[in-house]
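The values are calculated or read from the model by the stated rules, or taken from the named source; none is laboratory data. Quick caveat: nothing in here was measured; it's all calculated off a predicted structure. Cβ placement follows ideal geometry from the backbone for every residue including glycine, while neighbour counts extend to all protein chains displayed.
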Amino acid sequence: PIKALLFDLDGVIVDTAIFHYQAWRRMANSLGFDISEEFNEQLKGISRTESLDLILAQGGLTLSDEQKADLAARKNGWYLELVSQMTPADILPGVTDFFGQVKAARLKTALGSVSKNARLILERIGMLDDFDAIIDGTKIARGKPDPEVFLKGAAELGVQPAESVVFEDAVAGIEAAKRGGMRVVGIGDPAVLTKADRVVASLAELSLDEVLIF
Ligand code: B16
Ligand code: MG
């Protein structure tokens, strides 16, 4: 039986991808190039340092570790300015209702995000207490598609991977859940999220009962 649900943050609970894109774009522009919205798709679910490497490669730049640390910090500052304006109104459609069903069914929940800002975002949207475990970028050594973030979540909840369902919007995150031996609901486009067991446009389209018969 399914005992626990593990949720990605960006793209599942809130849409911070747009803020990441704006902040990375500001950084790229300051270096003299631009990044497209299409390119930004590749950055979803990928850690801050890996995202920076992909962006610098896109701009044809090779920088020192010190310069890269400085740029990453600057981007994060711009990103946090945007995050600081978030409120509970930024919770994505269907999330609050779905969590109500999860709570009524007494299932365990964990957050599985590679973001180092995850706690701050949950605080801003008033959902910090909705998770029994929070695994974020400060607790993991390897980002998605490595399964570490979800395996740690299941372990902290005391459940087996096979008893867990992951909710993910990114290709890298779905890969991570599959490698971890978990079932996955993809949030987004079925043509993109081909490895998910089920794909819905948003949590508003799904009832908990449909997940429990997985
Ligand atoms: P930070 P998730 C990920 O969040 C984002 O999808 C990804 O675009 C971002 O680079 C990463 O967090 C790191 O975020 O810079 O805040 O540490 O989808 O795993 O919740
Ligand atoms: Mg995501």
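Condition check: outside any helix (DSSP H, G or I), more than 13 Å from ligand 1 (Cβ to nearest atom), charged (D, E, K, R) and free of Cβ contacts under 8 Å to residues at least 12 places away in the same chain. Does ARG106 satisfy that?
So ARG106 fits the description; yes.
So the check is Cβ under 8 Å with 6+ separation or different chains; which pairs have a first residue in region 10-26 that's small (Gly, Ala, Ser) and a second one that's part of a loop (DSSP other than H, G, I, E, B)?
Close Cβ pairs satisfying both conditions: GLY11/LYS44; GLY11/GLY45; GLY11/ASP169; GLY11/ALA170; GLY11/GLY188; ALA17/GLY11; ALA17/LYS44.
Which one of these is surrounded by fewer than 17 Cβ atoms within 10 Å (Cβ to Cβ), away from ligand 2 (no atom under 12 Å from the Cβ) and closer than 12 Å to LEU6 by Cα: ASP132, ASP97?
Result of the check over ASP132, ASP97: ASP132.
If ALA162 passes every condition in (1) closer than 22 Å to ALA105 by Cβ; (2) in contact with a Leu (Cβ under 6 Å, 6 or more places away or on another chain); (3) more than 15 Å from ligand 1 (Cβ to nearest atom) but one, which one does it miss?
Failing condition for ALA162: (2).
Kindly indicate whether ILE55 is away from ligand 2 (no atom under 16 Å from the Cβ), hydrophobic (A, V, I, L, M, F, W, C) and not in a helix (DSSP H, G or I).
Here the answer is no, as ILE55 does not meet what is asked.
Looking only at region 18-52, count every residue that is surrounded by 18 or more Cβ atoms within 10 Å (Cβ to Cβ), more than 16 Å from ligand 2 (Cβ to nearest atom) and of a type in the set (Lys, Arg) and tell me the total.
Of the residues in region 18-52, 1 are surrounded by 18 or more Cβ atoms within 10 Å (Cβ to Cβ), more than 16 Å from ligand 2 (Cβ to nearest atom) and of a type in the set (Lys, Arg).
Just one of the numbered conditions (1) within 13 Å of ligand 1 (Cβ to nearest atom); (2) crowded, with 20+ Cβ neighbours inside 10 Å is not true of ALA72; which one?
ALA72 satisfies all of (1) within 13 Å of ligand 1 (Cβ to nearest atom); (2) crowded, with 20+ Cβ neighbours inside 10 Å except (2).
Does THR138 qualify as being farther than 23 Å from LEU212 by Cα and surrounded by fewer than 18 Cβ atoms within 10 Å (Cβ to Cβ)?
Taking the combined requirement at face value, the residue satisfies it.
Out of all the residues in region 139-149, is one or more in a helix (DSSP H, G or I), at pLDDT below 95 and among the hydrophobic types (A, V, I, L, M, F, W, C)?
No, region 139-149 contains no residue that is in a helix (DSSP H, G or I), at pLDDT below 95 and among the hydrophobic types (A, V, I, L, M, F, W, C).
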